[in-house]
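Structure, as structure tokens:
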Amino acid sequence: MTAPFLSIRNLGVTFTGGTRPVRAVNDVSLDIAEGEAVALIGESGSGKSVTMRAVMRLNPEKRSKLDGQILVGGRDVMGMNARQLSAFRGGEAAMIFQEPLLALDPVYTLGDQIVESIRRHETISREDARARALDLFDRVRIPSAKSRLDNYPHEMSGGMRQRAMIALALACRPKLLLADEPTTALDATVQIQVLLLLRELQRDLGLSILFVTHDIGAAIEVADRIAVMYAGQIVEQASARDLIRSPRHPYTLGLLKSRAHDAMVKGVKLDAIPGAPPDLANLPAGCPFAPRCTLADAGCRNQPIAIQDIAPGHLARCRRLDKTALQNAG
Amino acid sequence: MLGYSLRRIIYTAPVLFGVSVVCFALVHISPGDPLISILPADASVELQDRLRVLYGFDRSYPEQFILWLGRALQGDLGTSIATGRPVTTEVMRAVGNTLMLASVATVIGFVLGCFFGFVAGYFSNSPLDKAASAAAVFGVSVPHYWLGMVLVIIFSAQLGWLPAAGAGPGGSSQWKFDLEHLSYMVLPAITMSVIPMGIIARTVRALVAEILAQEFVIGLRARGLSEFGVFMHVVKNAAPTALAVMGVQLGYLLGGSILIETVFSWPGTGMLLNSAIFQRDLPLLQGTILVLALFFVVLNLVVDIMQSALDPRIKR
């Protein structure tokens, strides 16, 4: 295997703004190869967005502390100075957000925002930049692209806005696309269109994508590999197919069981994981999932659990994998 | 844009009519006979009646109003009872002086207010914010006539650097652009600027803090914009509201500076109003209030149109 394009090693993020430090991300390691799409799934507060923002160092600098290592294309993101960082953001790596209405500046037209972004990274005339913005709008299939460039964000529909946001992210031909729940705020029919568009762009442009979502269906649609996060840790990662067919971590098992599926009949109760995620300011010493886990024993609660290889490319952070293997078989 | 402006201009017509009714009524509701100030104490009833007819005070209120409005539309606001000069001339000269003072004060207040506001908003909850916010609260709450007197005591009486009162040497009320006239403006302008400074600082602080908390700021950083680039976006987002507040403040200063103009004997509308009230000079009072109200309405109109030009979210 060649060196991964994005390599996250033992990433930790601690928020220090409150009365007690909050360990939002803990010992996260993740690789994304060139042209590969990886989905990071987990519930709200599991640290998936924080992990993604850490890749661009977008978490508030004064109130958060990063440790570990992040390499993008071999360059150390943690060590970048302000100038290098601003060339990296939007240049080599770009981000799309969950709610484009909130993530776009409301008082600039979309054309102006794209032109501004291009001219920030390249020496290029306003006209040429605008021509490229027009190409991008065509590329993400915004109808009557020319007049849409002069729209303000609030003048567009939700799906159109997300397409415009994708166009903006692609403006400087990034190699890494960070997508923070890009379909969560959209209608179901528009969601699938945007997912297909992302997939298509990834193939055509050879993008590496880190895709954060809490929608397992969306993750399967887009991603080659899936990593599951719980309480700031990656608890399991595998190829999308392996993760769905043979999940090994009890949390992943619970997640997959709690999905609504075709075989459901009216009146049947949806399986849910009992309990609630732990307080990130007061994490347990052992496995953070242990209090909710039916398989947990005393050994699970005492010490941190290391992540281990199960099969090639399949990792899980659990001591009771023997038991989960049985569950899977049955 | 043009359609919006036109509609907005047409909407001001009923407002202006309302303003003129209130101006006229206000003066007639207030107690006291307007003729008392010019009649000798022992004037005969006959003389009183003749003057009353001459000034038109014998007619019914609606009749007086229509006559007054008709003349006002032609630019004739009547004759001052106290001085015998046309009200229009008196008011216009005073408005010129006040406009000059209020504009300078608003510009000073706006610049300082924006500075304090941006600093406080950008570094919210830091000692810098505390200091800037304290300056803003001081500006809003200090009694400005008191501040005016303190400034006069320090810079005129003690240090002797600046003149204490008037708009020019030898009590001249005609404004000229030279260093000597400017020196007369310094103290009243600074005193007056303290109010808009405080209000604009507080508004801008709240605006900036609110804008910086929005997600699009992270979006801008994610595009690789420098801190200065982000700052320019914040400015454009804050501008419509900040300018609107500034416009309204200028309107208040045009009419609401009675105390400051009296403290500094500045020959503007405030002083004119002051003397008109004390001399029960009805035509002068009506005329001054009407002109000030007109300025206020026009100013609001300009602010509205400007705001809609700057903020695309305001429906045109």
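Checking the stretch A:150-157 against the condition returns a match, with at least one residue being crowded, with 22+ Cβ neighbours inside 10 Å and either at negative phi or touching a residue at least 40 places away in the same chain (Cβ under 8 Å) (or both). Residue count for the stretch A:42-74, restricted to those that are more than 13 Å from chain B (Cβ to nearest Cβ) and closer than 13 Å to A:Val212 by Cα: 8. With respect to B:Ile108, is the statement that it is surrounded by 17 or more Cβ atoms within 10 Å (Cβ to Cβ) and outside any helix (DSSP H, G or I) true? In short, no. Taking the stretch A:17-38 only, how many residues are among the hydrophobic types (A, V, I, L, M, F, W, C) and more than 28 Å from A:Ala285 (Cβ to Cβ)? Total satisfying the criteria: 4. Among the residues of the stretch A:121-130, none qualifies, meaning not one is among the polar types (S, T, N, Q) and assigned to a helix (DSSP H, G or I). Against the condition away from chain A (no Cβ under 14 Å), in a helix (DSSP H, G or I), touching a strand residue (DSSP E or B) at 6+ places or on another chain (Cβ under 7 Å) and not hydrophobic (A, V, I, L, M, F, W, C), how does B:Pro196 come out, does it pass? Taking the combined requirement at face value, the residue does not satisfy it. Sort out which residues of the stretch B:222-232 are surrounded by fewer than 22 Cβ atoms within 10 Å (Cβ to Cβ), at the interface with chain A (Cβ under 9 Å from one of its Cβ atoms) and in a helix (DSSP H, G or I), and write them in order of number. B:Glu227, B:Gly229 - these are the residues of the stretch B:222-232 that are surrounded by fewer than 22 Cβ atoms within 10 Å (Cβ to Cβ), at the interface with chain A (Cβ under 9 Å from one of its Cβ atoms) and in a helix (DSSP H, G or I). Taking (1) within 18 Å of the chain's Cα centre (by Cα); (2) within 10 Å of chain B (Cβ to nearest Cβ) in turn, A:Val77 satisfies each apart from (2).
Of all the residues in the stretch B:233-243, those that are more than 8 Å from chain A (Cβ to nearest Cβ) and under 12 Å from B:Val208 (Cα atoms) number 6.
With of a type in the set (A, V, I, L, M, F, W, C), within 19 Å of the chain's Cα centre (by Cα) and over 16 Å from A:Ile234 (Cβ atoms) as the only criterion, which of A:Leu40, A:Leu85, A:Leu66 stands out?
Going through A:Leu40, A:Leu85, A:Leu66 in turn, the sole match is A:Leu66.
Within the stretch A:124-143, none of the residues are within 24 Å of B:Leu212 (Cβ to Cβ), in contact (Cβ under 8 Å) with a residue 24 or more places away in the chain and crowded, with 20+ Cβ neighbours inside 10 Å. Per this entry, A:Ser117 is not counted among residues that are in contact (Cβ under 8 Å) with a residue 12 or more places away in the chain, closer than 25 Å to A:Val25 by Cα and crowded, with 17+ Cβ neighbours inside 10 Å. Run down B:Glu215, B:Glu210 and say which single residue is within 34 Å of the chain's Cα centre (by Cα), of a type in the set (Asp, Glu) and surrounded by fewer than 21 Cβ atoms within 10 Å (Cβ to Cβ). Only one candidate passes the filter, namely B:Glu210. Here A:Asp187 meets each of (1) modelled with pLDDT under 90; (2) surrounded by 18 or more Cβ atoms within 10 Å (Cβ to Cβ) with one exception, condition (2). When the stretch B:78-105 is filtered for residues that are outside any loop (DSSP other than H, G, I, E, B) and β-branched (Val, Ile, Thr), the ones remaining, listed by number, are B:Thr79, B:Val87, B:Thr88, B:Thr89, B:Val91, B:Val95, B:Thr98, B:Val104.
The set of residues in the stretch B:122-149 being aliphatic (A, V, I, L, M) and either loosely packed, with under 12 Cβ neighbours inside 10 Å or within 25 Å of B:Val235 (Cβ to Cβ) (or both) consists of B:Leu128, B:Ala131, B:Ala132, B:Ala134, B:Ala135, B:Ala136, B:Val137, B:Val140.
Taken across the stretch A:85-100, residues that are under 30 Å from A:Arg9 (Cα atoms), more than 8 Å from chain B (Cβ to nearest Cβ), surrounded by fewer than 24 Cβ atoms within 10 Å (Cβ to Cβ) and among the polar types (S, T, N, Q) do occur, with at least one present.
Please give the number of the condition A:Pro291 fails out of (1) more than 27 Å from A:Val38 (Cα to Cα); (2) surrounded by fewer than 17 Cβ atoms within 10 Å (Cβ to Cβ); (3) in contact with a helix residue (DSSP H, G or I) (Cβ under 9 Å, 6 or more places away or on another chain); (4) touching a residue at least 40 places away in the same chain (Cβ under 8 Å). Status for A:Pro291: all satisfied but (4). In this structure, is A:Val22 more than 18 Å from A:Leu210 (Cα to Cα) and touching a residue at least 60 places away in the same chain (Cβ under 8 Å)? So A:Val22 passes the test. Of all the residues in the stretch A:143-155, those that are modelled with pLDDT of 90 or more and hydrophobic (A, V, I, L, M, F, W, C) number 1. In the set (1) closer than 27 Å to B:Met149 by Cβ; (2) surrounded by fewer than 18 Cβ atoms within 10 Å (Cβ to Cβ), B:Leu292 fails one condition alone, (2). Tell me yes or no: at least one residue of the stretch A:3-23 is within 13 Å of chain B (Cβ to nearest Cβ), at negative phi and among the aromatic types (Phe, Trp, Tyr). Looking for residues that are within 13 Å of chain B (Cβ to nearest Cβ), at negative phi and among the aromatic types (Phe, Trp, Tyr), one finds none in the stretch A:3-23, hence no.
The values are calculated or read from the model by the stated rules, or taken from the named source; none is laboratory data. All figures in this text were calculated on a predicted structure; none of them were measured in a lab. In this analysis, Cβ positions are derived from the backbone assuming ideal geometry, glycine residues included, and neighbour counts consider all displayed protein chains.
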